[in-house]
Amino acid sequence: MYTSGTTGLPKGVLISRRAIAADIDALAQAWQWSADDTLVHGLPLFHVHGLVLGLLGSLRVGNRFVHTGKPTPAGYAAARGTLYFGVPTVWSRIAADHEAAAALTSARLLVSGSAPLPVPVFTRLAELTGHAPVERYGSTESLITLSTRADGERRPGWVGLPLAGVQTRLRHDDGSEVPHDGETIGSLQIQAPTLFDGYLNRPDATAEAFEPDGWYRTGDAAVIDADGMHRIVGRESVDLIKSGGFRVGAGEIETLLLGHPGVAEVAVVGMPDEDLGQRIVAFVVGDAEPGELIQFVAEQLSIHKRPREVRLVDSLPRNAMGKVVKKELMTWR
């Protein structure tokens, strides 16, 4: 299966049947997923979310599976499922459609993944459907490794605890341990039975993906709290901004800006800056005044996390999975 290519060219990922089975079984345990469920989604069948979780997962668990063709609010509402899979764009559209949201009140579990779910969407879904969505984290290389639980805490912006058999750790740039204080950002590394067997015809890339002791370098920055809950800050290459000596997660700023009524979509990146190292820049789809948004962030987060620049744009560049391609944004002038 090929990676989505958000931070570079797609790579072929070799995934064993053993890894897929381990992942589906762990998810079935975490989500209380059973043959009695009707699983509904309309996601592409050429990525882990749609194919491995949705189709292969249903075949292994034995539940009824409904693919809606396209992930539209009307399609999801008409399917009358118990378990729904969606990406944030899908859930955002459902949260804006009262009739579709009302049809999901009879569901058992709403699952969001593939990208961070904005907190305002999480809150709105919970209000309209009566279900706080389950968020999970994974990649093509690791499959799904973290999730909130059907019977556990579902905290907006956090992707939960390690699944059965999964171990995680955070490391500083020098390899030292990062404290689990819910604040300090580190590089997320994983050890799990769900890991891939390597990149297709890319032994060099395979070697680079693992630590000498065998832990997989996810390339994601994260924080872990004292209870073991994980929050993903974003990709280290594009979402971890080093500005004026501070390490800033783009996701925290994006989540806050999405709560502003004048912001429909947003992507935050670090642009090269001679003085700061990187300058925080927000690309915004909406009608808010740039200066107002800068002040909005400065009043609610630490002052060093405010964007130095806000650019209003008509749309954000996205790939086939709907993920924003930030490397393309960083070339915009």
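The values are calculated or read from the model by the stated rules, or taken from the named source; none is laboratory data. Keep in mind that this is a model prediction, so the values were computed, not measured. With ideal geometry, Cβ positions are generated from the backbone for all residues, glycine too; neighbour counts draw on all protein chains shown. These area figures cover heavy atoms from the full protein model, side chains too; ligands, DNA and RNA do not enter into them. Shrake-Rupley method; radii C 1.70, N 1.55, O 1.52, S 1.80 Å.
Calculate what fraction, in whole %, of the accessible area of the chain sits on carbon and sulfur atoms when a 1.4 Å probe is rolled over the protein chains. The C+S portion of the solvent-accessible surface of the chain is 51 percent. Dividing the helix sum by the residues of the chain, where each DSSP H run of 4 or more adds -39500 (n - 2.57), gives a mean residue ellipticity at 222 nm of -6500 deg cm²/dmol. Across the chain, the mean sequence separation of Cα contacts (distance under 8 Å, 6 or more residues apart), normalised by length, yields a relative contact order of 13 percent.
Would you give the gap between the C-alpha center of segment 1-72 and the C-alpha center of segment 288-332, rounded to a whole Å? Between the Cα centres of segment 1-72 and segment 288-332 lies a distance of 31 Å. Towards the positive end of the charge dipole of the chain, with charges on Cβ (+1 Lys, Arg; -1 Asp, Glu), say which of Gly8, Val266, Val66 has the farthest Cα. Value computed over the given set: Val66. Projected label points at His98 and Glu183, each 7 Å from Cα along the beta carbon direction, are separated by 4.2 nanometres. Checking (1) 58, 51, 37; (2) 60, 48, 48; (3) 67, 46, 37 against the coordinates, the calculated Cα extents along the principal axes in Å falls under label (1). Subtracting the Cα-Cα distance of Lys242 and Lys70 from 0.36 nm times their residue separation leaves 58.1 nm of extension gain.
With K and R counted +1 and D and E -1, the other residues having a Cβ less than 14 Å from that of Gly81 yield a net charge of +1. Legend: residues Met1, Met271, sorted from most to least accessible area (1.4 Å probe; ligands, DNA and RNA excluded), read Met1, Met271.
The label-point distance for Ala226 and Leu55, in a model that sets each label 7 Å from Cα toward Cβ, rounds to 4.7 nm.
In a fully extended conformation the segment linking Arg169 and Glu289 would gain 39.1 nm over its present Cα-Cα distance, using 0.36 nm per residue. Between Arg18 and Arg311, take the C-beta separation as r, use R0 = 51 Å, and let me know the FRET efficiency to the nearest 0.05. Here the calculated transfer efficiency is 0.65. Just check segment 1-128 against the gyration tensor rule for me: Cα atoms, a ≥ b ≥ c as the square roots of the eigenvalues, rounded for a/c under 1.5, and otherwise prolate or oblate depending on whether a/b exceeds b/c. The shape class here is oblate. Which percent, nearest 5, of DSSP beta bridges in segment 1-159 are antiparallel? Percent antiparallel among DSSP bridges in segment 1-159 is about 30. Residues Asp220, Asp227, Asp181, sorted by accessible area with the largest first, give Asp227, Asp181, Asp220 [1.4 Å probe; ligands and nucleic acids excluded]. Looking at the calculated P(r) for segment 69-184, what percent of the C-alpha pair distances fall above 23 Å? Of all Cα-Cα distances in segment 69-184, 35 percent exceed 23 Å. For the chain, the solvent-accessible area with a 1.4 angstrom probe is 44 square angstrom per residue. Filter Lys11/Lys305; Lys11/Lys70; Lys305/Lys326; Lys11/Lys326; Lys242/Lys327 down to the pairs with a C-alpha to C-alpha distance above 22 Å, please. The answer is Lys11/Lys305; Lys11/Lys70.
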